[in-house]
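Here the structure comes first, spelled out in structure tokens, and everything after it is commentary.
The values are calculated or read from the model by the stated rules, or taken from the named source; none is laboratory data. This is a predicted model, so every value here is computed, not measured. Because the Cβ atoms are built from the backbone with ideal geometry, glycine has one as well, and the counts that use them run over all protein chains shown.
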Amino acid sequence: MKLKPYEEGLIVNIALPDSKLFERVVSMGIFIGEKVTVAGKIPGGVIIKIKNKKFVVDKNIAEYIRVIKNG
Amino acid sequence: MDKIKIVLVGQPNVGKSSLLNALVGPKVVISNYPGTTVEVTKVQKTFDGIEMSFLDTPGIYSISDRSEEEKVTEKILFEEEIDGVIVVSDATALERSLYVLLQIMEADIPAVIALNFVEDARSKGIKIDCKRLEKALGISVIPINPITKKGIDDLLNSLLRIKDKKVKFRVEYDDHIEEAISQISSKLKETRLPKRFISVRILEGDEDFYKYLGDEKILDSIKKNLSEKHPKIDRDIAVTRYGIASLLAEEATQIVHTVRGEDIQEKVDRLLLHRSWGPVITMLILVITFGVLLYLGNLLQSILMDLTSNFLSFLHITGNSMPDIVLARSLTGLAAGISIALPYVFLFYLLLGLLEDMGILSRFIVNAERFFGKFGMPGKAFIPLALGLGCTVPATKATRVLSSKREQFYVASFLSFVPCSSRTAIIMGVVGFYGGIRLAFYVFLTLLMAALIWAFAIKKLYHVSREPLLLELPPYRKPLAGNILAKGWFRMKDFIYVVIPLLMVGGAVYGILDAYNITHMVVQPLSVITSWLGLPDVTIIPLTFGFLQKDLTGAMLVSVLGSNISSVLTPVQIYTFGVASAIGIPCINAFAMLIREFGFRRAVSLTTVSIGYGILFAGLLLRIIFIF
């Protein structure tokens, strides 16, 4: 599902077809079970916050990150 | 004397270079890893009678072979003879650092953890139990602070014994994967790297390790057997490793309290990453920065040129004899070189380093992404292109920020259209002075147009695949002066050794050719160019010899046409001259830097194609203008 800015969700799946890109995403700390907040949007991408780290993630990657809304 | 070789590994912005500074002081040697755009820092220090050399690798999150940074780190770790690794870790996100650590430990390389940002973590309510982590992993975990130098001696002491450390911790995968690992292990050739490690890398799809397999068909059959339980085994390996890293981190981390509410960092981000304010602020800061740099550059140039001519007349050098010409021209080249090196190299890199260390640069890159993305360039491209407004030579070198050679070359080709300060001087000093400021403005507009057409054409011809955007935004931090100064100084030193001698030689060569009247030899054979451009034949002299030293173009034009240019050339001719001399790789120095970065063949082709394109473009425009 899609999170609106400043909404919090939970990552339930990362379905990136490219395994090496998947490893990069995971090793950055974007992992299944992490709480994620959308901190803003830029054209072609989204700014997310996980724990106390912030990332800019391409739209083409973000669409493979499945989340459910918290609470 | 005993020697040990230590490699520093860690994610971007984890403080590796600050740690290196704290370990050995700012005596860094930065060099490019052969054949890549990746820079590797190497330093040495004697401690307790042992010669230690440290190798700083680029910031990475995992040792995969996806990016050039990762490939270089992989080569250094697994192909060079090293004694141990310092994994610089972030106490506020321990699991990420442990991921890389686990990859290193799989290769049986001894490691220590240097735990950075401990105070930061504490203020966020996070406490790391180092003893517990040490026990779990069987390696030293040392909290450090590069600013106060806390823990540095402990770290050095633990490195003394690193050679004898045996790696005890092992990542256990599930039974199917373990079976595949042992199957592959039994088929491997003997090497110094552990077989288990090679097998894991092979299963992860790292092709560099396939060479250890006697027969690659084995892999296919093993993967086929596994396909039911593990359709994507590489992914399952990464997940297992990250899971173990998370678990280890969680056991060692104690959340004392959680911080609520929006802090100052958030407030700054809301502004800098704002949809419209972000790009506006980015542009504003860049424009102000370059305004100041250009102003300083021009000021410095006029001061140095005055000094040079005063010095020459003081020595009674009038410029008639050959040694006089050589001396006078080389001194002018030296003055020009210094007035480029100081503002556009040293000050620029100081500012860039400041923005980078404060965490602002990454926000600028995100904002630039919107604009540059349209041209198939990543946001980072703004760094070399902005520097190109000062001087094409350091800008060519700055294309190294890009992540692949191909991308680097693509961005470098656009430096043909970014007027450096010397080209701006031609546009303002020749076109603006003799043809009016409006005409000069048209030249700038033409450059932009030429760049757009170039971008459109090249996108079709030269396929640039774009990596998807995936970038961490580091927290804002107080910058460290020592770090930034060392970087700025290093860049300038490098520039001084290459470019200033070339500028001096270029000027002197022109002086000699001019004195013997040899410059006129090109007029006849190249008249086809001038007639295509609708310019008097002699203008080919400033057009071609300007390549030796761009700053001389204006003076050369005056020397061939006389000082009353506006009565010899029509406004259209002045405009055409401006366009033809502004498009293309501008000078021999930029050409030399292109050779250094991309090799002779590519440098020659880019230089000829870009200059040819400029001439073609200017001539075509001329014909379009005459139609109307």
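Considering only the range B:235-246, I want to know if a residue exists there that is more than 13 Å from every other protein chain (Cβ to nearest Cβ) and surrounded by fewer than 19 Cβ atoms within 10 Å (Cβ to Cβ). First the steps, then the outcome.
To start, the set of residues in the range B:235-246 that are more than 13 Å from every other protein chain (Cβ to nearest Cβ) comprises none.
Scanning the range B:235-246 turns up no residue that is more than 13 Å from every other protein chain (Cβ to nearest Cβ) and surrounded by fewer than 19 Cβ atoms within 10 Å (Cβ to Cβ).
Looking at B:Leu300, B:Leu312, B:Leu296, B:Leu355, just one residue is free of Cβ contacts under 8 Å to residues at least 60 places away in the same chain, crowded, with 19+ Cβ neighbours inside 10 Å and in contact with a helix residue (DSSP H, G or I) (Cβ under 6 Å, 6 or more places away or on another chain), and that residue is B:Leu355.
Within the range B:555-566, is even one residue modelled with pLDDT of 90 or more, in the same structural domain as B:Tyr510 (by TED's automatic domain parsing) and within 27 Å of the chain's Cα centre (by Cα)? No, every residue in the range B:555-566 fails to be modelled with pLDDT of 90 or more, in the same structural domain as B:Tyr510 (by TED's automatic domain parsing) and within 27 Å of the chain's Cα centre (by Cα). For the residues A:Val38, A:Val25, A:Val46, A:Val56, the requirement of being of a type in the set (A, V, I, L, M) and out of contact with any helix residue (DSSP H, G or I) (no Cβ under 9 Å at 6 or more places or on another chain) singles out A:Val38.
Collect the residues in the range B:461-478 that are away from chain A (no Cβ under 14 Å), loosely packed, with under 15 Cβ neighbours inside 10 Å and not charged (D, E, K, R), keeping them in residue-number order.
B:Leu461, B:Tyr462, B:His463
Of the numbered criteria (1) within 34 Å of the chain's Cα centre (by Cα); (2) assigned to a loop (DSSP other than H, G, I, E, B), the one B:Phe197 fails is (2).
Tell me, which strands (runs of 3 or more DSSP E) lie completely within the range B:1-64 with 2 or more residues that are of a type outside the set (Ser, Thr, Tyr) and at pLDDT 85 or above?
B:2-9, B:39-47, B:50-56
Looking at B:Ala412, B:Ala381, B:Ala398, B:Ala386, just one residue is within 15 Å of the chain's Cα centre (by Cα), without any contact (Cβ under 8 Å) to a residue 24 or more places away in the chain and closer than 22 Å to B:Phe371 by Cα, and that residue is B:Ala398.
Taking the range B:312-367 as the range and being closer than 27 Å to B:Leu471 by Cα, part of a helix (DSSP H, G or I) and of a type in the set (Gly, Ala, Ser) as the test, the residues that pass are B:Gly353, B:Ser362.
Restricting attention to the range B:82-89, does a residue exist that is outside any loop (DSSP other than H, G, I, E, B) and at pLDDT below 90? Within the range B:82-89, not a single residue is outside any loop (DSSP other than H, G, I, E, B) and at pLDDT below 90. Just one of the numbered conditions (1) away from chain A (no Cβ under 14 Å); (2) within 26 Å of the chain's Cα centre (by Cα); (3) surrounded by 18 or more Cβ atoms within 10 Å (Cβ to Cβ) is not true of B:Lys493: (3). Please go through the range A:52-68 and pick out each residue that is within 16 Å of A:Leu10 (Cα to Cα), more than 7 Å from chain B (Cβ to nearest Cβ) and either touching a residue at least 12 places away in the same chain (Cβ under 8 Å) or surrounded by 15 or more Cβ atoms within 10 Å (Cβ to Cβ) (or both). Of everything in the range A:52-68, those that are within 16 Å of A:Leu10 (Cα to Cα), more than 7 Å from chain B (Cβ to nearest Cβ) and either touching a residue at least 12 places away in the same chain (Cβ under 8 Å) or surrounded by 15 or more Cβ atoms within 10 Å (Cβ to Cβ) (or both) turn out to be A:Ala62, A:Tyr64, A:Ile65, A:Arg66, A:Val67, A:Ile68.
For first residues located in the range B:212-233 and more than 14 Å from every other protein chain (Cβ to nearest Cβ), partners that are in a strand (DSSP E or B) and at pLDDT 80 or above and lie 6+ apart or on another chain with Cβ distances below 9 Å form the pairs B:Tyr212/B:Leu188; B:Leu213/B:Leu188; B:Gly214/B:Leu188; B:Leu219/B:Leu213.
What is the residue count in the range B:272-292 for residues that are within 11 Å of chain A (Cβ to nearest Cβ) and surrounded by fewer than 16 Cβ atoms within 10 Å (Cβ to Cβ)? Before you say what the answer is, go through the steps one by one.
Step one: list which residues in the range B:272-292 are within 11 Å of chain A (Cβ to nearest Cβ), which gives B:272-275, B:278-279.
Then keep just the ones that are surrounded by fewer than 16 Cβ atoms within 10 Å (Cβ to Cβ); that gives B:274-275.
Of the residues in the range B:272-292, 2 are within 11 Å of chain A (Cβ to nearest Cβ) and surrounded by fewer than 16 Cβ atoms within 10 Å (Cβ to Cβ).
Taking the numbered list (1) under 33 Å from the mean Cα position of the chain (by Cα); (2) in a helix (DSSP H, G or I) in turn, B:Ile585 passes all entries but (2).
With the structure loaded, tell me whether B:Leu203 is in contact with a strand residue (DSSP E or B) (Cβ under 7 Å, 6 or more places away or on another chain), free of Cβ contacts under 8 Å to residues at least 60 places away in the same chain and in the same structural domain as B:Ser221 (by TED's automatic domain parsing) or whether it fails that test. Write out each step before concluding.
Values: in contact with a strand residue (DSSP E or B) (Cβ under 7 Å, 6 or more places away or on another chain): no; free of Cβ contacts under 8 Å to residues at least 60 places away in the same chain: yes; in the same structural domain as B:Ser221 (by TED's automatic domain parsing): yes.
Judged against the criteria, B:Leu203 is not a match.
Quick one: would you say B:Val100 is buried (at least 23 other Cβ atoms within 10 Å of the Cβ) and within 14 Å of chain A (Cβ to nearest Cβ)?
Values: buried (at least 23 other Cβ atoms within 10 Å of the Cβ): yes; within 14 Å of chain A (Cβ to nearest Cβ): yes.
For B:Val100, the condition - buried (at least 23 other Cβ atoms within 10 Å of the Cβ) and within 14 Å of chain A (Cβ to nearest Cβ) - is met.
Before we move on, is B:Thr282 assigned to a helix (DSSP H, G or I) and touching a Lys or Arg at 6+ places or on another chain (Cβ under 9 Å)?
Values: assigned to a helix (DSSP H, G or I): yes; touching a Lys or Arg at 6+ places or on another chain (Cβ under 9 Å): yes.
When the stated conditions are applied, B:Thr282 passes them.
When A:Asn13 is tested against (1) within 11 Å of chain B (Cβ to nearest Cβ); (2) of a type in the set (S, T, N, Q); (3) surrounded by fewer than 14 Cβ atoms within 10 Å (Cβ to Cβ), only condition (1) is not met.
Please work out if B:Met377 is farther than 19 Å from B:Phe591 by Cα, aliphatic (A, V, I, L, M), out of contact with any His (no Cβ under 8 Å at 6 or more places or on another chain) and not in a helix (DSSP H, G or I).
Details: farther than 19 Å from B:Phe591 by Cα: yes; aliphatic (A, V, I, L, M): yes; out of contact with any His (no Cβ under 8 Å at 6 or more places or on another chain): yes; not in a helix (DSSP H, G or I): yes.
When the stated conditions are applied, B:Met377 passes them.
Taking the residues in the range B:240-254 that are touching a residue at least 12 places away in the same chain (Cβ under 8 Å) and among the hydrophobic types (A, V, I, L, M, F, W, C) as candidates, determine which candidate is farthest from B:Ala93 (Cα to Cα). Here the answer is B:Ile244. Screening B:Leu415, B:Leu402, B:Leu342 for residues that are at negative phi, of a type in the set (A, V, I, L, M) and surrounded by fewer than 22 Cβ atoms within 10 Å (Cβ to Cβ) leaves exactly one candidate, B:Leu342.
Of all residues in the range B:118-155, how many are in a strand (DSSP E or B), within 15 Å of B:Ser97 (Cα to Cα) and not aliphatic (A, V, I, L, M)? Give the derivation first.
First, the residues of the range B:118-155 that are in a strand (DSSP E or B): B:126-128, B:141-143, B:145, B:150.
The next check asks that each one be within 15 Å of B:Ser97 (Cα to Cα); those that pass are B:128, B:141-143.
Filter again for not aliphatic (A, V, I, L, M), leaving B:143.
Summing the residues that are in a strand (DSSP E or B), within 15 Å of B:Ser97 (Cα to Cα) and not aliphatic (A, V, I, L, M) in the range B:118-155 gives 1.
Only residues that are more than 11 Å from the chain's Cα centre (by Cα) and under 19 Å from B:Ser67 (Cβ atoms) were counted across the range A:29-52, and they come to 0.
Please find, among B:Thr530, B:Thr553, B:Thr576, the residue that is polar (S, T, N, Q), part of a helix (DSSP H, G or I) and closer than 30 Å to B:Phe495 by Cα. Break it down stepwise before answering.
Numbers: B:Thr530 fails: closer than 30 Å to B:Phe495 by Cα; B:Thr576 fails: closer than 30 Å to B:Phe495 by Cα.
Answer to the selection: B:Thr553.
Is it the case that some residue within the range A:17-26 is more than 9 Å from chain B (Cβ to nearest Cβ), surrounded by 14 or more Cβ atoms within 10 Å (Cβ to Cβ) and under 20 Å from B:Ala245 (Cα atoms)? The answer is no; no qualifying residue exists.
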